[in-house]
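The values are calculated or read from the model by the stated rules, or taken from the named source; none is laboratory data. Bear in mind that the values here come from a model prediction, so they are computed numbers and not experimental data. We place every Cβ from the backbone using ideal geometry, glycine too, and count neighbours over all the protein chains shown. Ligands, DNA and RNA are excluded from the accessible area calculation, which covers all protein heavy atoms including side chains. Shrake-Rupley method; radii C 1.70, N 1.55, O 1.52, S 1.80 Å.
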Amino acid sequence: MERRRFVAGALGAAAGGVLAGAAGQAWAGPRTPAHGPAPTARAASALAGWSAVPAPGSVPGAQLYKVAALGPRHAWAVGEEALTTGAPGRPLAMRWDGSRWSRTDVSSLTFSGRLNSVACDGPASAWAVGPPDTPPGRLLRWNGTAWRPVGYPGGDNAVLWAVAAGSGGQVWITGRHAGAARLLHWNGTRFRWLDPLPVPSPEAATLSSVLVRSQGDVWVTGSRSTESAWLGIVARWDGAWTVFPDAGGIRSGISGVLPLADDDVWAVGAGFGIGGPPGKPPGSILVHWDGTAWTSAPKDIGPGVLTSITADEQGRPAWISAWDFWDQKRTAYLRWDGTTWQVVRGPESTAAPSPYLSDLTRVPGTATYLSVGRTGATAYPPSEAYGETTTDA
């Protein structure tokens, strides 16, 4: 498969290579932050298992790519359906009512390709972007009844990758505009493109995820191409850019970040390292920032992909969604027990013979988590949209 697209997109399919070490550092464990005590350990037996939830009605090949939740009965997931080897799919958007997913009507959307990201900013308001590959980048808003296109500056020549909602109706979108990767900010009244990401060749950078930690504190991840490889990106916008050192080694991409404090940041992704025969799987990336450097964290999962990471209701590390090369009959997660990351397996199901998770999130105000993806190893037929859920005991 296409290694560069795999990493530069949002790590959506598995293909060759092997992971190099992250920044050459040995793991010393996360530093206990000065703002509070170390998290209390959780016993694995106290955790509820993951279970599949209905995601009916998608046309194979289909997948859900990103998920965002506003509350117990209000979440969105987006992706694509009707994908074939000869043509792109068409947009897919599903809504969560607290027990199941149901598709929404996107027949008014005339473009092809997937919806790449979604954000919720109110009971009757959500945002979505896509497709991620070529201009024009589409920006959509749910008005409580239907998805409608939204215009923004330079839209004809821009691509959009990811969207996140902050407080006060603010929205943050990653994209490429005027030849450089940057953020597009909606302040509730107007759009404004922010300064280019200050990396070498910003036109060759892809910011595949965005997270709003607090008002004006925005984190992005992705990858940037060099002449011979590509490197993972973690960066922060708080009125100006801070770009962290390369987080995953050579030929890597970072798909998710969890900033807990300035000296306590987790990042996940996948990388291909140097060499290796064609068809060799990627290596999963799990690194921690202690305020000075990235260090690789041990994880009881071998070749594969870590796609996203989320915190629990108390702001502690919680779950990482994963794809395990050695066990493709069920989903895989990493769970933080207060000291280490432990592998937790999802259910086996004939309806999802080789499931792949693209994203997960916690439902605000609850201890419930939602994950989304597809039923097959690739998004091509017969793969369909898929989801799982769990609630911490």
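Among the residues here, TYR380 does not qualify as open to solvent by less than 10 Å² (accessible area, probe 1.4 Å) and either assigned to a strand (DSSP E or B) or touching a residue at least 40 places away in the same chain (Cβ under 8 Å) (or both).
Among the residues of the range 261-279, those identified as among the hydrophobic types (A, V, I, L, M, F, W, C) and surrounded by 19 or more Cβ atoms within 10 Å (Cβ to Cβ) are VAL265, TRP266, ALA267, VAL268, ALA270, PHE272.
Pick from ARG182, ARG138, ARG176, ARG224: which is under 26 Å from THR361 (Cα atoms) and without any contact (Cβ under 8 Å) to a residue 24 or more places away in the chain?
Values: ARG138 fails: without any contact (Cβ under 8 Å) to a residue 24 or more places away in the chain; ARG176 fails: without any contact (Cβ under 8 Å) to a residue 24 or more places away in the chain; ARG224 fails: without any contact (Cβ under 8 Å) to a residue 24 or more places away in the chain.
When all the criteria are applied, what remains is ARG182.
The number of residues in the range 105-120 that are under 22 Å from the mean Cα position of the chain (by Cα) and not in a strand (DSSP E or B) comes to 5.
When we screen GLY61, GLY16, GLY29 for residues that are among the small types (Gly, Ala, Ser) and modelled with pLDDT of 90 or more, the only hit is GLY61.
Select from the range 236-260 the residues that are in contact with a Phe, Trp or Tyr (Cβ under 7 Å, 6 or more places away or on another chain) and open to solvent by 30 Å² or more (accessible area, probe 1.4 Å) and write down the one among them that is nearest to THR361 (Cα to Cα). Restricting to residues being in contact with a Phe, Trp or Tyr (Cβ under 7 Å, 6 or more places away or on another chain) and open to solvent by 30 Å² or more (accessible area, probe 1.4 Å), the top hit is ARG236.
The residues of the range 146-181 that are of a type in the set (S, T, N, Q) and assigned to a strand (DSSP E or B) amount to a single one, THR174. Listed conditions (1) crowded, with 18+ Cβ neighbours inside 10 Å; (2) within 18 Å of ALA158 (Cα to Cα) are all met by ILE233, apart from (2).
If the condition is being open to solvent by less than 30 Å² (accessible area, probe 1.4 Å) and either assigned to a loop (DSSP other than H, G, I, E, B) or polar (S, T, N, Q) (or both), then the range 182-215 contributes LEU194, LEU197, VAL199, THR206, SER208, SER209. Across the range 121-141, the qualifying residues are those that are modelled with pLDDT under 95 and part of a strand (DSSP E or B), and the one among them that is surrounded by the fewest Cβ atoms within 10 Å (Cβ to Cβ) is GLY122. The number of residues in the range 70-86 that are under 19 Å from TYR369 (Cα atoms) and surrounded by fewer than 23 Cβ atoms within 10 Å (Cβ to Cβ) comes to 5.
Can you tell me which residue among GLY144, GLY154, GLY89 is open to solvent by less than 10 Å² (accessible area, probe 1.4 Å) and of a type in the set (Gly, Ala, Ser)? Give the steps one after another, and end with the answer.
On the way: GLY144 fails: open to solvent by less than 10 Å² (accessible area, probe 1.4 Å); GLY154 fails: open to solvent by less than 10 Å² (accessible area, probe 1.4 Å).
Within the list GLY144, GLY154, GLY89, the selection yields GLY89.
The number of residues in the range 227-270 that are without any contact (Cβ under 8 Å) to a residue 40 or more places away in the chain, of a type outside the set (A, V, I, L, M) and part of a loop (DSSP other than H, G, I, E, B) comes to 5. For the range 296-317, filtered to residues that are within 15 Å of the chain's Cα centre (by Cα) and hydrophobic (A, V, I, L, M, F, W, C), the residue that is surrounded by the most Cβ atoms within 10 Å (Cβ to Cβ) is VAL305.
Does VAL171 qualify as being in contact with a strand residue (DSSP E or B) (Cβ under 7 Å, 6 or more places away or on another chain), under 25 Å from THR361 (Cα atoms) and modelled with pLDDT of 95 or more? Taking the combined requirement at face value, the residue satisfies it.
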